Structures are given as structure tokens and as C-alpha cells.
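As C-alpha cells, the structure follows; a few thoughts come after it.
The values are calculated or read from the model by the stated rules, or taken from the named source; none is laboratory data. These figures come from a predicted structure and were not determined experimentally. Glycine gets a Cβ as well: all are built from the backbone with ideal geometry, and neighbour counts include every protein chain shown. Accessible surface areas use protein heavy atoms only, side chains included; no ligands, DNA or RNA. Shrake-Rupley method; radii C 1.70, N 1.55, O 1.52, S 1.80 Å.
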Amino acid sequence: MKKVFFCLILMTSFAFSNEEPKTQTYNFGQSGMELVARSKKGTVIISTYNSKMTIRKDIANKIYGLYLENKLETDKKITVNGLEANVTGKCVIRKKKDLTAVDFYYETVEWNNGLKEIYKRI
């Protein structure tokens, strides 16, 4: 009887282990300047739009790192791998003299727990 019960539990866990990640939409988010970095070359301002409150600083720091490595292009979709989630969005870079503004617009947030959130404008 114990073997049958154990096999039943084992089969059930395998049956439900391949579930698709849950997908939700959200229409709220934080928008604003997250990081201001100054150097001899000028000032870089990292702003995020439609961001999730708990990961916005982490993602802004990762975007700044990508900017320093020259891996960002304007109007291109990129994926930023954060500590708690991977964020896909569009990056817009604007330059004026020694001031550079990097704007990142969240489109999709894939959390490490399997939840996927998609930004949807009302």
C-alpha cells in the first residue's frame, strides 16, 4: 500500500511539474530617474518607466553597466538579467553635449518564481 501511495505522489508531481509559467498583465509601475552618474566624460542619467518597485534599482544599475560596455542601442529591445527577475524592454538613448539620458521602458518582467508580467497600457 505504501508503494502504491508513493508511486501515486511521484506520478502526480511529474504530471504537474511541466506547467507553463503564469502570465499576468499590469498597468501600474514606477517611472523616474533611478541613477545619476558623473565622470570626466559627462553625466549619465538612467531613467526607468513602468518599472516594478522591488527591482527598479537593480535593473537601473545593470542598464548603466550595459551602457558603459557600449551594449545599448537606441530603440532596440533588450533583456536585462537582474537578481530577482529578467526584464525585457526598449531602451532610448538621448545625448546633448556632455549629458546622456538613457530611458528604459519595461515591457515584460519574468520573475525567478515563474511568474511573467506584461505591461499593458490602459
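Quick check on Thr88: is it surrounded by 17 or more Cβ atoms within 10 Å (Cβ to Cβ) and of a type in the set (S, T, N, Q)? Spell out the reasoning first.
Working: surrounded by 17 or more Cβ atoms within 10 Å (Cβ to Cβ): no; of a type in the set (S, T, N, Q): yes.
No, not satisfied.
Tell me which residues, restricted to the stretch 62-85, are open to solvent by less than 90 Å² (accessible area, probe 1.4 Å), under 25 Å from Ser39 (Cα atoms) and not β-branched (Val, Ile, Thr).
Lys62, Tyr64, Gly65, Leu66, Tyr67, Leu72, Gly82, listed by residue number.
Out of the stretch 93-122, which residues are touching a residue at least 60 places away in the same chain (Cβ under 8 Å), open to solvent by 60 Å² or more (accessible area, probe 1.4 Å) and among the acidic types (Asp, Glu)?
Result: Glu110, single match.
Which pairs have Cβ atoms under 9 Å, sit 6 or more apart or on different chains, and link a residue in the stretch 45-67 that is farther than 12 Å from Val92 by Cβ to one that is assigned to a helix (DSSP H, G or I)?
Note: pairs meeting the criteria are Ser51/Ile59; Ser51/Ala60; Lys52/Ile59.
I need the full set of residues from the stretch 26-42 which are surrounded by 11 or more Cβ atoms within 10 Å (Cβ to Cβ) and out of contact with any Ser or Thr (no Cβ under 9 Å at 6 or more places or on another chain), in order please.
Tyr26
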